[in-house]
Amino acid sequence: MTSALTAFNRALDKNDAGKLLLRLAVGGLMLFHGLHKLFDGVDGIQSLLAAHGLPEFIAYGTLAGEVAAPLLIVLGILTRPAALLVAFTMIVAWLLVGFDKTWMLDKTGAWAIENIVYFFIGALAVACLGAGRYSLAGNSGWR
């Protein structure tokens, strides 16, 4: 049994493939949020910022955190800084729209801020792991 488990573990020991899958999940799924704001505008974010007494121009930062950074993550270019930008964006999202829902469940029983937490923790994992071998930046420091 031990030899079968060892063989199974060895067959799935693909760190670079795992890093790629994580990058595609975090960056690719976050990109959908950003593309929505890119095509439909950041008016909703501006309203949220104004309601919190913050300058509305900050809303354009969401395009960096939800479009540019996710693209860099997916491509494996400047992966760690881009992932930290996504994590920071999720902290801001939590403070603006999720803070009051932190200890709540949604109508299906899921944690009300699980999307924010998923992207935050996923981005931190990408920042810790880096791009891996499958990156458009190759073996350069730009990974």
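The figures follow:
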{"quantity": "Meets criteria (of a type outside the set (Phe, Trp, Tyr) and outside any loop (DSSP other than H, G, I, E, B)) for Ala125", "calculated": "yes"}
{"quantity": "Residue ID - farthest from the chain's Cα centre (by Cα), chosen from residues in the stretch 5-43 that are surrounded by 13 or more Cβ atoms within 10 Å (Cβ to Cβ) and of a type in the set (Gly, Ala, Ser)", "calculated": "Ala17"}
{"quantity": "1 or more residues charged (D, E, K, R): qualifying helices (runs of 4 or more DSSP H) within the stretch 42-99", "calculated": "43-51, 79-93"}
{"quantity": "Number of the condition not met by Pro55 [criteria: (1) more than 30 Å from Lys14 (Cα to Cα); (2) within 17 Å of the chain's Cα centre (by Cα)]", "calculated": "(2)"}
{"quantity": "Filter pass, Val74 being surrounded by fewer than 18 Cβ atoms within 10 Å (Cβ to Cβ) and either at positive phi or touching a helix residue (DSSP H, G or I) at 6+ places or on another chain (Cβ under 8 Å) (or both)", "calculated": "no"}
{"quantity": "Criterion: surrounded by 15 or more Cβ atoms within 10 Å (Cβ to Cβ), under 21 Å from Ala51 (Cα atoms) and either free of Cβ contacts under 8 Å to residues at least 24 places away in the same chain or under 19 Å from the mean Cα position of the chain (by Cα) (or both) - qualifying residue of Ile116, Ile91", "calculated": "Ile116"}
{"quantity": "Test for Ala25: is it without any contact (Cβ under 8 Å) to a residue 12 or more places away in the chain, small (Gly, Ala, Ser) and part of a helix (DSSP H, G or I)", "calculated": "no"}
{"quantity": "Condition met for Pro81 (within 22 Å of Ser135 (Cβ to Cβ) and not small (Gly, Ala, Ser))", "calculated": "yes"}
{"quantity": "Of all residues in the stretch 100-115 being outside any loop (DSSP other than H, G, I, E, B) and of a type in the set (Asp, Glu), the one that is nearest to Ala25 (Cα to Cα)", "calculated": "Glu114"}
{"quantity": "Odd one out for Trp111, checked against (1) touching a strand residue (DSSP E or B) at 6+ places or on another chain (Cβ under 9 Å); (2) touching a residue at least 40 places away in the same chain (Cβ under 8 Å)", "calculated": "(2)"}
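Every number in this text was worked out from the coordinates using simple rules, so none of it is lab data. Since this is a predicted model, take the numbers as computed values, not measurements. Neighbour counts are summed over all protein chains in view; Cβ atoms, including those assigned to glycine, are modelled from backbone coordinates with ideal geometry.
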